[in-house]
Amino acid sequence: MYSEEFRHWSHKAADWGADYRETLRDRPVRAQTQPGEIAAQIATAPPETAEPMEQIFADFEQKILPGMTHWQHPRFFAYFPANAAPVSVVAEYLVTVMAAQCMLWQTSPAATELETRVIDWLRQALGLPEGFSGVIQDSASSATLAAVLTMRERALEWQGNKQGLSGQNRLRVYASDQVHTSIDRAIWVSGIGEENLVRIPTAGALRSMDATALEAAILADKAQGFLPAGIIACVGGTSVGATDDIAAVASVAKKHGLYLHVDAAWAGSAMICPEFRRFWAGIEGADSIVFNPHKWLGAQFDCSVQFIRDPDSLVRTLAIKPEYLKTHGKDGVINYSEWSVPLGRRFRALKLWFLLRAHGLEGLRTMIRNHVAWAEALAVRLEAVPDFEIVTQPMLSLFSFRHAPNGVEDLDEHNLRLVNAINDDGRIYLTQTRVDGRVAIRFQVGQFEAGEADVAQAFDVIAEVAARLHAGQGA
Ligand SMILES: *Cc1c(COP(=O)(O)O)cnc(C)c1O
């Protein structure tokens, strides 16, 4: 593709993008296709000769687009959001065009130095004390893996990478029964092993881990000759927003010399609002914290920030220094690839810089406060409808509910059918979870351009589809 053509198709893509965003509300949120339907339209062999861009672009619109679930749709209420504020999309285009590989300071000094700066902006924005530095990882899963590897190496006095785990005392890591599956994976991949992830029971409305049980588990493990390495706490768990008492957990961690990692992948963004910081009171006691600006804050996916108390331990765990990666004659520069598992890294700081400047913290706070208020209002409205029950009250902008009309025997099956029927309807998109073993429907609002009317429409759709489904069952 030559320069003029590149210009033409870039303009075309920009126009397409603006039209797409403008017309999102008219599209079904979740793709309405059957498995295999898209693949059946794609050639099974690669082309031997060049095809015209007109045809490729037309095929994108006709064959690919119908199979997309629209994550930027203002009525996307499923999972957690993966936002892409328009301004961050613009920044991402520039990053894509330059396509720099920002593994070392010298492979793009601006990327490294801007990353250091915006991480510190975010530290201030979230009310974290000085002394935390950080790095942008590709995902919370990678950040948690980096944290687990660091706790492993620290507990093994930096011998794990060299000697492996055989012959070592059994490492133990502690987390509640509400943490994300990325914690399980980090435990598998780090070689610690699932049986050494000790699940601490949770209690209370926020489903927080019981700090007394946590300490008892650590003491019991020590008595058996095991080697406690760290604790993983969560603020805003994926299922229903479970939130640990960070101050209590941090004091146990401190007492026993354990590394504390806090997973606030979703809820961390809300901490730009001072009134929500009560949910992570005591956070200054953490060794590392992960939050995803790509979830609620609006930075284009992917963008996951890990704050770190002592980057030296992380670098000691992950840095490799073959000759070709050395930066001779430049002391004091940061090579962020030493802070993460992958070597290669994209320039992710630019979209944060654009986003924070274009909206300002006040603009982002208003968005988050609105989402929380609208979710709370929706929970109140649903609770007032006979047959609906609120299963877990709103934690920030997330709550769960259930449709429980008289005469329906299998409520789990009924609610699964209800979620499917709602998603087939297409006007909104929801997902389900299990709370104490029983199916509940999750609702969260966090899409960057969602409005109050979109949340009001969620109420109408839920009530209407539930009534239709129930009538259809002949009740
Ligand atoms: C989304 C989420 C994760 C996983 O995030 P990735 O960036 O997709 O790895 C982990 N923990 C919590 C609490 C989450 O909400």
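Search segment 216-270 for residues being among the charged types (D, E, K, R) and over 16 Å from D177 (Cα atoms), and hand back the single one that is farthest from the ligand (Cβ to nearest atom). It would help to see each step written out before you state the result.
Narrowing segment 216-270 to residues among the charged types (D, E, K, R): 221-222, 244-245, 254-255, 263.
Right, trim to over 16 Å from D177 (Cα atoms) and you get 221-222, 254-255.
Values: D221: 25, K222: 28, K254: 23, K255: 26 Å.
Ranking the qualifying residues of segment 216-270, first place goes to K222.
When segment 266-315 is filtered for residues that are assigned to a loop (DSSP other than H, G, I, E, B) and within 10 Å of the chain's Cα centre (by Cα), the ones remaining, listed by number, are W266, N292, P293, H294, K295, W296, F301, D302, C303. Just to be sure before I move on: is L171 within 16 Å of the ligand (Cβ to nearest atom), within 25 Å of P342 (Cα to Cα) and touching a residue at least 40 places away in the same chain (Cβ under 8 Å) in the structure I sent? Judged against the criteria, L171 is not a match. Restricting attention to segment 145-166, the residues that are part of a helix (DSSP H, G or I) and either within 16 Å of the ligand (Cβ to nearest atom) or small (G, A, S) (or both) total 7.
This table checks each residue for (1) under 23 Å from D302 (Cα atoms); (2) of a type in the set (D, E, K, R); (3) outside the structural domain of F279 (by TED's automatic domain parsing); (4) touching a residue at least 12 places away in the same chain (Cβ under 8 Å).
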site: T112; (1), (2), (3), (4): yes, no, no, yes
site: I119; (1), (2), (3), (4): yes, no, no, yes
site: L122; (1), (2), (3), (4): yes, no, no, yes
site: A125; (1), (2), (3), (4): yes, no, no, yes
site: I136; (1), (2), (3), (4): yes, no, no, yes
site: A146; (1), (2), (3), (4): yes, no, no, yes
site: L149; (1), (2), (3), (4): yes, no, no, yes
site: R154; (1), (2), (3), (4): no, yes, no, yes
site: N161; (1), (2), (3), (4): no, no, no, yes
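Cβ separations smaller than 7 Å between residues 6+ apart or across chains give the following pairs from segment 80-97 residues that are modelled with pLDDT of 95 or more and assigned to a helix (DSSP H, G or I) to residues that are crowded, with 18+ Cβ neighbours inside 10 Å and small (G, A, S): S88/G298; S88/A299. Within segment 98-109, the set of residues being in contact (Cβ under 8 Å) with a residue 60 or more places away in the chain and either in a loop (DSSP other than H, G, I, E, B) or aliphatic (A, V, I, L, M) (or both) comprises M98, A100, Q101, C102, M103, L104, S108.
Across segment 171-186, what is the total count of residues that are in contact with a strand residue (DSSP E or B) (Cβ under 9 Å, 6 or more places away or on another chain) and surrounded by fewer than 15 Cβ atoms within 10 Å (Cβ to Cβ)? Can you show your working first?
Kept after step one, since they are in contact with a strand residue (DSSP E or B) (Cβ under 9 Å, 6 or more places away or on another chain), are these residues of segment 171-186: 171-180, 182-184, 186.
Narrowing further to those that are surrounded by fewer than 15 Cβ atoms within 10 Å (Cβ to Cβ): 177, 184.
The total comes to 2.
Listed by position, the helices (runs of 4 or more DSSP H) enclosed by segment 167-265 that each have at least 3 residues that are farther than 20 Å from R154 by Cα are 211-223, 246-256. S142 meets all of the listed conditions (1) within 16 Å of the ligand (Cβ to nearest atom); (2) in contact with a Pro (Cβ under 6 Å, 6 or more places away or on another chain) but one, namely (2).
The values are calculated or read from the model by the stated rules, or taken from the named source; none is laboratory data. Here the structure is a predicted model, which is why all the values come from computation and not from measurement. Note that we place each Cβ from the backbone using ideal geometry, even for glycine, and neighbour counts take in every protein chain shown.
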